[in-house]
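Contents: one structure, followed by commentary.
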Amino acid sequence: MTKDSAQDEKAKKRLKMERDLTIIMLFLVVGFVVSWTPYAMVSLYSSFIGDDLPPLAGTLPAMFAKSTLVWSAILYIFSNKQIRVKLTTGLFVEKKEQEEVSMSRDKTVMPVTNYTA
């Protein structure tokens, strides 16, 4: 029975991981479509209907479309537990350690050596 229960636990863990990855991929696809749809609409409009669009009307959808990279990075950060923990706790600890190191460097006296031949 122990072997069966261990296999059941592995199967449940794998199923949960696959479900989480499916949700992440779904969000990535939806984010991609939402980000690029305004640019596609403006491009189709300017190609087939008219070229009388102001420059801002062409620039904003292009900038929004390029934001796909930001959304995918943010989604990855929030979906990966290790990175999320590092961002929430590690940054503050590292900053404190860096301040302590810089304070200790100020107190140490480095010997001056003359390298002239």
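FYI, it's all coordinate maths here, none of it is from the lab. What you are looking at is a predicted structure, and each value in this text was computed from that prediction instead of being measured. Heads up, the Cβs are rebuilt from the backbone with ideal geometry, glycines too, and the neighbour counts pull from every protein chain shown.
See the values below:
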quantity	calculated
Three-way shape call for the stretch 1-75 based on the alpha-carbon gyration tensor, with the a/c threshold at 1.5	prolate
Peptides 34-45, 70-81 ordered by average Cβ neighbours within 10 Å, highest first	34-45, 70-81
